[in-house]
Structures are given as C-alpha cells and as structure tokens.
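All remarks here apply to the structure that follows.
The values are calculated or read from the model by the stated rules, or taken from the named source; none is laboratory data. A quick note: this is a predicted structure, and the numbers were derived from the prediction, not measured. Using ideal geometry, Cβ is built from the backbone for each residue, glycine included, and neighbour counts are taken over all protein chains shown. Note: accessible area is taken over every heavy atom of the protein model, side chains too, but ligands, DNA and RNA are not part of it. Shrake-Rupley method; radii C 1.70, N 1.55, O 1.52, S 1.80 Å.
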Amino acid sequence: EGAAELLHLSRHFVALVLIPNIGNIDAIAASTSMAMKGKMDLALTLALGSAVQVAIALMPALVLICWAVDLPLHLDLYAFETIVLMLAALIVNSVVRTAKSTYLEGILMLGCYVIVAIAYAFRVNESDGDGKACLCGAQCCHESAHSVVRM
C-alpha cells in the first residue's frame, strides 16, 4: 500500500497488473519467445500454466491454511471484477479453441489487457477512501448500493 501511495497508483492496479507482470516476467519472456518460434503448444502451456496453477492449487491451499490458523479469508468479487474475469475467460477460450494464432488475435488480447489495466488504474470503490472494507457484506459495516458476489 505504501508503494501504491508513493507512486500515486490505485491498489487495484498494483495488485492486479504490476505485481503479476513483475512476478511472471520469466514466463512472459519464454512464452513470447516460443510463440515467435512457432511453438504454440509450448507458448500456451507457459502462458496459461501459472493461471491454472493459481486457480486449481494456490487458492484452495490458501483457504485451507487460513482455516487452519483461524484467519478469515473472504473472496468478495464486485460486479466489475466478476465481469472482467468472465470476459477474460471468454476471450482466452475463443483464441485457444482454434489452435492457431494470428496477429489480429494477439492484438485483440493485448488491447483487452491494456483496457483492463487502464480501468484498474482508475478504479475506485468504497474501500479505497477510508481503508475500511466490508468483509461480511452486512449493512452493519457500511451502507453500499454495490452488488457483491460471494464465493
């Protein structure tokens, strides 16, 4: 949070754009290199592998660890995050389904990523202003008209 404030960036942008790109720079470089050499199977494996690992292994492990140490882990996704996640899954599915790649599809995916990154750079919700985020979704925490998807 201190770095986000120092750089005048939103916490969403830092958490969902900067940190994943810095943390996966080796996989990004290797995937790009393999795609340029025409080895699309390996490029897709590298590009989608870490996302699948997080979804299938890391999140359930975090839930179990938090349960074991009696620390609540709430996955509250607002409508914006849910829509972005569904659209990203649909776009990746449409590109991967054909088993071929074109420059137009690559430009489409990069364009979508840039749009989402810009949206998160300027994203503000009720938890950004005072630092108080409602974890339970009850009216006792705050008065909010936003819809929350409980997972």
Original post:
Mind checking which pairs have a first residue in the range 101-118 that is over 24 Å from K39 (Cβ atoms) and a second that is surrounded by 14 or more Cβ atoms within 10 Å (Cβ to Cβ) and aliphatic (A, V, I, L, M), Cβ under 7 Å, 6 or more apart or different chains?
Top reply: V116/V84; A117/V17
Original post:
Can you tell which of I56, I22, I65 is open to solvent by 90 Å² or more (accessible area, probe 1.4 Å), modelled with pLDDT of 80 or more and either of a type in the set (G, A, S) or under 18 Å from A121 (Cβ atoms) (or both)?
Top reply: I22
Original post:
So D41 fits all but one of (1) farther than 17 Å from Y120 by Cβ; (2) open to solvent by 100 Å² or more (accessible area, probe 1.4 Å); (3) under 22 Å from the mean Cα position of the chain (by Cα); what number is the exception?
Top reply: (3)
Subject >> Condition check for A145: closer than 29 Å to L73 by Cβ and at pLDDT 80 or above >> reply: no
Original post:
If only one of T82, T102 is open to solvent by less than 90 Å² (accessible area, probe 1.4 Å), closer than 21 Å to I19 by Cα, of a type in the set (S, T, Y) and modelled with pLDDT of 70 or more, which one is it?
Top reply: T82
**OP:** Write out, first by first residue and then by second, each pair whose Cβ atoms fall under 8 Å of each other, whose residues are 6+ apart or on separate chains, and whose first residue, in the range 11-28, is in contact (Cβ under 8 Å) with a residue 24 or more places away in the chain while the second is assigned to a helix (DSSP H, G or I) and of a type in the set (D, E).
**Re:** R11/D128
**OP:** Check A88 against each of (1) open to solvent by 70 Å² or more (accessible area, probe 1.4 Å); (2) modelled with pLDDT of 85 or more; (3) aliphatic (A, V, I, L, M) and name the one condition it does not meet.
**Re:** (1)
